[in-house]
Amino acid sequence: DLRQFGYCLDNLIPGRSLIEHAGRGAFATRDLEQDSIIAPVPLLSLSKSSLEILKQRQDGTVEKATQLLLNYCYGHANSSTLLFPYSNGLNMVNHHSKKVNVKLRWREGSELIAHSLNAKYMLEMVALRHISKGEEIYLDYGLEWEEAWKTHVDNWRPDPSDVKHYAHKMNTDARFSIIRTLEEQKTDPYPESIFTSCYYKLSPNAIDKLKISKQSVGTYDSGMIAPKNLRPCIVIQRHGIPSSSSREEKETHNSMIYTVHILNRPTLDTAQRIPRGHRHFVNVPRNAILFSEKTYTSDQHLVNAFRKEIGLGDAFPMQWIDQ
């Protein structure tokens, strides 16, 4: 029965956090009364050791590191058990010990379940006071987490062996206004962590061509410039714009157009995926090409990036503390 056992899943909405440099946060979509359940918190049980990985630095050395997922798990410093919450919006809730307005509690009976990686646990996020619509939601991650963060901020220094290249800086740097072709990159490559992406969407006509040929040419449209249409591409050739083109066209295209080989990205809809073994080319303007960072190469994946589980305090079951 939904009235008895159901939870509301739309009390939270993501947005830019009011905490400086925190990125995104979770905000109330409606007025929430004190002691009301803001969100269910279903949990997956993990072991800390399962998040350990080996990372190779740019100088070739290998170091032990921990996956970013640890920052989103609940746990205890003296336990090898982690609990990952996977309900809507929960991972956007930021820490604030002074403005905390929610707490976590066990759903009745859940804390008594014997520990198992297959067990189904459930917490509930509850309002500590009245929360107004649009207010940011804050959880107290615990004193241990707060001290770990302060120590990290005070002591962090750039690692000289991790030379970082930022795609967003390259995208605004005049030195990279002309994109190198695949052939040019053989002698003058971009940083290993960087690749080129293009705004492009397969048209119905292009999809039909994919069905009858192993190679096809598509048509670019300026309306394709949207985040959902960004996908990897390889620059094959660079051409100058004909002298007959208008000044506006030349400025828009940066006086160059590029023949690119369009590739797939993992989250594309099936209808937008280019079949394996097929080569699809299209001529695009310079403003349709961006530099992007390869997976696991952004700052949050640096070897010395912050890693710490969220504390559950007294709510963490004592029977899960390692002996």
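The values are calculated or read from the model by the stated rules, or taken from the named source; none is laboratory data. This one's a predicted model, so the numbers in the text were calculated from it and none came from an experiment. We place every Cβ from the backbone using ideal geometry, glycine too, and count neighbours over all the protein chains shown. We work out accessible area using only protein heavy atoms, side chains counted, and drop any ligands, DNA or RNA first. Shrake-Rupley method; radii C 1.70, N 1.55, O 1.52, S 1.80 Å.
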Looking at Tyr190, Tyr220, which is the one that is in contact (Cβ under 8 Å) with a residue 24 or more places away in the chain, of a type outside the set (D, E, K, R), outside any helix (DSSP H, G or I) and touching a strand residue (DSSP E or B) at 6+ places or on another chain (Cβ under 7 Å)?
-> Tyr220
Of the conditions (1) modelled with pLDDT of 95 or more; (2) surrounded by 14 or more Cβ atoms within 10 Å (Cβ to Cβ); (3) of a type in the set (Ser, Thr, Tyr), the single one that Ser87 does not satisfy is (1)
Checked the range 209-231 for anything open to solvent by 80 Å² or more (accessible area, probe 1.4 Å) and more than 12 Å from Pro275 (Cα to Cα); matches are Val217, Thr219, Asp221, Ser222, Pro227, Lys228
Could you list, in sequence order, all residues of the range 166-186 that are in contact (Cβ under 8 Å) with a residue 40 or more places away in the chain, assigned to a loop (DSSP other than H, G, I, E, B) and within 19 Å of Ser298 (Cα to Cα)?
-> Tyr166, Asn171
Within the range 276-323, tally of residues that are of a type in the set (A, V, I, L, M) and either more than 30 Å from Gln215 (Cα to Cα) or loosely packed, with under 15 Cβ neighbours inside 10 Å (or both) = 8
So which of Gln67, Gln34 ends up being touching a helix residue (DSSP H, G or I) at 6+ places or on another chain (Cβ under 7 Å), more than 13 Å from Ile137 (Cβ to Cβ) and either open to solvent by 40 Å² or more (accessible area, probe 1.4 Å) or free of Cβ contacts under 8 Å to residues at least 12 places away in the same chain (or both)?
-> Gln67
